[in-house]
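Contents: one structure, followed by commentary.
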Amino acid sequence: MTALRTPTPAPRPPAPRAPTSAGRALVVLAGAVSALLCASIGLGHFHRGEATNYDLGIFSQAAASWAQLQLPTSGVLGGTPLLGDHFSPATAVFGPVWALWPDPRSLVLAQALLLGLGTALVARCAVRHLPLPAAAAVAAGTAVAHGSLAAARFDVHEVCLAVPLLALCGTALLEHRHRAAALWSLPLLLVKEDMGATVAVVAVLLWLRGRRRAGLALAAAAVAGVALAFATMLLVDPAHDLSRLAAFGGSARTAAAPEPVPTGEALRLRAALVLATAAGGGLLWVASPVALLAVPTLAWRLASVTPSYWSPGLHYGAVLVPVAAVALVDVLRRVRARRPRAVAPLAVLAALAGAVTTAWVLPVGSLSMPWQTATWRPGPHVQQVRAATAELPDGSRLAADNTSGPYLLGDAGGGHHVVGWSVDTPLERLPGVVVLDASRASTGVSRAGKLAWLEEVAALPGVRVQRTGDTAVVHLPGRG
């Protein structure tokens, strides 16, 4: 009679180990390279004249408010209190940055450092759990992930503040340091109103792992955080309206839902987002429980009726990068317990998958690199805007279109008080000076629409229009 054989238990992943000197060097190098890459992409974007009021101008004005110990407001948004637009009190960290260097580029550099810190923390997790070659591959894949580079090339956003926190929270979950995971997740509630769902996922994971009390407490904190966020937005918004609901087809009195996209095209775009998210992290990462942290962000983007939320080439994917990278480390360390020789090749393949995805999603040929001189110097457009407004008194109140506004903020731009310009804004509501870039379209208006507006306004009595290249400075009579 054959005896029943007890199944051999799966080998446990090795315990984390302290980084060696080579591992520590890899962590520092990964963070520095990532920060330098993001800084060069962001500054090159700015210096080429591609920065915009939406969103660099808005965040610069928010930082200036915080630097003066005031709640954030933005003239670009018509003086709107920004906590009524998004619940992001964590942007207060931009206040000291602006106080040290009042220039939009200070925020670009701050964001690059935060993204680089996220990469360094992922690299630290990798060297604690993987052989050095595999850890290096994971770090390289993280540094070139499309979510981070997309954030770097599109101005500045509050999502960069979540990147290091998610790297720390994901690592703590991987290592079953549940108290640390809960504590690192809590500040996410101050980054943006949607982050409460991610904190709730951490709470669910703690519950499933038997940490019932901690899971319940964290879930309660997540619910309270979301309630506080939306209550604040309702209270602070001048219209007491949740305009963000329009992005999901919901009811909002002050914002219209976007134009509907044909069903087939919407499905294609959403499928591309899912594919880019999975492939950008090296595919394997979705097998880790840590990957569940990506579900809320991916879910609200897919549920939205706003096409820009479906694009993998915008900044929304930055928060998915540390989640995917730490989840990949989790999967690879489990592979290491069974087939040690397979870990490094799989890590390299994952990094290559991430690099290929970045090349597919982003126009990598147009990204500024550190070795390019133009990355670090203002280009013709920036010089032109500033030359056209050089005679205006510093601190003037003026209106500017989306592509001119950021270059008129901070000390280098004259420290002007910039408000948003629209072709539909009545002249009596505009300040005495309007600055327009006549060479290209801006948000909500085509180049032809700008030129038509300029021609119509120039014909009015007392209006004076000065042209410096493609920059037009319109002086309206009877206004300060």
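Semi-axes of the chain's equivalent ellipsoid from the Cα gyration tensor, sqrt of 5 times each eigenvalue, largest first, rounded to whole Å?
Details: eigenvalues 398, 117, 79 Å².
Values for the chain, descending: 45, 24, 20 Å.
Tell me the Rg and the Dmax, in Å, that the Cα atoms of region 188-305 produce.
In Å, with Rg to one decimal and Dmax whole: 17.0, 47.
Using DSSP, restrict attention to beta bridges with both residues in the chain and report what percent are antiparallel, rounded to the nearest 5.
Percent antiparallel among DSSP bridges in the chain is about 70.
Just to compare against my own numbers: the Cα pair-distance distribution for region 16-114, 5 Å bins, whole % per bin, please.
The calculated distribution, bin by bin, is 2, 13, 19, 19, 16, 11, 8, 6, 5, 2, 0.
What 222 nm value per residue comes from the helices of the chain, counting each DSSP H run with n ≥ 4 as -39,500 (n - 2.57) and dividing by all residues, nearest 500 deg cm²/dmol?
Mean residue ellipticity at 222 nm (helix-derived): -16000 deg cm²/dmol.
Tell me the Kirkwood hydrodynamic radius of region 353-480 in angstroms, computed as one over the mean inverse distance between distinct C-alpha pairs.
16.1
Return the sequence-ordered ³J(HN,Hα) values of region 230-239 in whole Hz as given by the Karplus equation 6.51 cos²θ - 1.76 cosθ + 1.60 applied to θ = phi - 60°, using x for Gly and Pro.
For region 230-239, the Karplus curve yields 6, 5, 5, 4, 5, 6, 7, 4, x, 8 Hz.
Give the accessible area for residue 237 in Å² (nearest 10); use a 1.4 Å probe, count only protein heavy atoms, and leave out ligands, DNA and RNA.
20
How big is the charge dipole of region 214-317 about its Cα centre, in debye rounded to the nearest 20, if each Lys and Arg gets +1 on its Cβ and each Asp and Glu gets -1 on its Cβ?
That gives region 214-317 a dipole magnitude of about 140 debye.
Taking only the Cα atoms of region 299-415, how large is their convex hull per residue, in Å³?
Convex hull volume per residue, Cα atoms: 179 Å³.
Hey, if you put +1 on the Cβ of every Lys and Arg and -1 on every Asp and Glu Cβ in the chain, which of 460, 331, 220 ends up farthest toward the positive end of that dipole?
Farthest towards the positive end: 331.
Let me know the charge dipole size of region 302-456 about its Cα centre in debye, to the nearest 20, where only the beta-carbon of Lys, Arg (+1) and Asp, Glu (-1) is charged.
Approximately 1400 debye in magnitude.
Output ³J(HN,Hα) for region 241-247: one whole-Hz value per residue in order, computed from phi by the Karplus curve 6.51 cos²θ - 1.76 cosθ + 1.60 with θ = phi - 60°, and x for Gly and Pro.
So the J values, rounded to whole Hz, are 9, 8, 5, 5, 4, 4, 5.
Put +1 on the Cβ of every Lys and Arg and -1 on every Asp and Glu Cβ in region 108-189; which of 167, 127, 186 then has its Cα farthest towards the positive end of the dipole?
Of the options given, the answer is 127.
Treating the angle as unsigned and between 0 and 90°, give the value, to the nearest 10°, between the Cα long axis of helix 58-67 and the longest Cα principal axis of the chain.
Once rounded, the angle reads 90 degrees.
Please compute the modelled spin-label separation between residue 463 and residue 372, points set 7 Å along Cα→Cβ, answer in nm with one decimal.
With each label placed 7 Å out from Cα toward Cβ, I get 3.7 nm.
For helix 447-458, what angle does its Cα long axis make with the longest principal axis of the chain, in degrees from 0 to 90 and rounded to 10?
Compared with the principal axis, the helix lies near 30 degrees.
Accessible surface of residue 362 in the full protein assembly, 1.4 angstrom probe, to the nearest 10 Å²?
Using a 1.4 Å probe on the heavy atoms, I get roughly 10 Å².
Report the FRET efficiency, 1/(1 + (r/R0)^6), for residue 412 and residue 446, where r is their Cβ-Cβ distance and R0 is 41 Å, rounded to 0.05.
It comes out at approximately 0.90.
Starting from the Cα of residue 359, step 7 Å along the direction of its Cβ; do the same at residue 18; then give the gap between the two resulting points in nm.
Each label point is offset 7 Å from its Cα along the Cβ direction, giving 4.2 nm.
Using Cα pairs under 8 angstrom and six or more residues apart, how large is the relative contact order of region 389-480, in percent? Could you put the intermediate results ahead of the total?
Values: 146 pairs, mean separation 24.6, N = 92.
Computed value for region 389-480: 27 percent relative contact order.
What is the packing order of peptides 241-249, 291-299, taking the mean over residues of other C-beta atoms within 10 Å and listing the highest first? Don't skip to the answer; put the middle values down first.
Details: 241-249: 17.1, 291-299: 20.0.
For the peptides 241-249, 291-299, the packing ranking is 291-299, 241-249.
Ranked from the most accessible area to the least, with a 1.4 Å probe and all protein chains present, what is the order of 148, 422?
422, 148
How big is the Cα convex hull of region 284-328 in projection, averaged over all directions, in nm²?
Computing the convex hull of the Cα atoms and averaging its projections yields 3.0 nm².
Taking only C-alpha pairs under 8 Å that are 6+ residues apart, what is the relative contact order of the chain in percent?
20
Looking at region 347-480, what % of its DSSP beta bridges pair antiparallel, to the nearest 5?
65
Using alpha carbons only, how many degrees (0 to 90, rounded to 10) separate the axis of helix 162-174 from the longest principal axis of the chain?
Roughly 10 degrees, rounded to the nearest 10.
Considering the Cα trace of region 233-364, what is its radius of gyration and what is Dmax, both in angstroms?
When restricted to Cα atoms, region 233-364 yields Rg and Dmax of 18.2, 61 Å.
Could you tell me the largest-minus-smallest coordinate of the C-alpha atoms of region 130-233 on each of the three principal axes, in descending order and whole angstroms?
40, 36, 15
Using the alpha-carbon centroid of each, what span in Å lies between region 449-474 and region 311-328?
43
Select from 321, 402, 269 the residue farthest towards the positive end of the dipole of the chain; place +1 on Cβ of Lys and Arg, -1 on Cβ of Asp and Glu, and compute about the Cα centre.
321
Can you give me the long-range amide H partners of residue 74? Hydrogens built in the peptide plane at 1.01 Å from N, cutoff under 5 Å, separation of 5 or more residues or another chain.
79, 80, 82
In what sequence, largest accessible area first, do 128, 213, 177 appear using a 1.4 Å probe?
From most exposed to least exposed: 213, 177, 128.
To check my understanding: the extent here is largest minus smallest coordinate of the Cα atoms along each principal axis. What are those three numbers for region 361-432, in Å, largest first?
That gives 46, 30, 16 Å along the principal axes, largest extent first.
For the chain, with only Lys/Arg (+1) and Asp/Glu (-1) charged at the beta-carbon, what is the dipole magnitude about the Cα centre, in debye rounded to 20?
Computed charge dipole of the chain: roughly 2600 debye.
Three principal axis extents, largest first, for the C-alpha atoms of region 92-166, in Å?
43, 21, 17
If I ignore ligands, DNA and RNA and count only protein heavy atoms, how much of residue 360 is accessible to a 1.4 Å probe, in Å² to the nearest 10?
Approximately 140 Å² of residue 360 is accessible to the 1.4 Å probe.
Work out from phi, with θ = phi - 60° and the Karplus expression 6.51 cos²θ - 1.76 cosθ + 1.60, the ³J(HN,Hα) of each residue of region 21-30, listed in order in whole Hz, and give x for Gly and Pro.
3J(HN,Hα) across region 21-30, in whole Hz: 4, 5, x, 5, 5, 5, 4, 5, 5, 4.
The values are calculated or read from the model by the stated rules, or taken from the named source; none is laboratory data. Just so you know, these numbers come straight off a predicted model, no measurement behind them. Glycine gets a Cβ as well: all are built from the backbone with ideal geometry, and neighbour counts include every protein chain shown. SASA here: full protein model, heavy atoms, side chains in, ligands and nucleic acids out. Shrake-Rupley method; radii C 1.70, N 1.55, O 1.52, S 1.80 Å.
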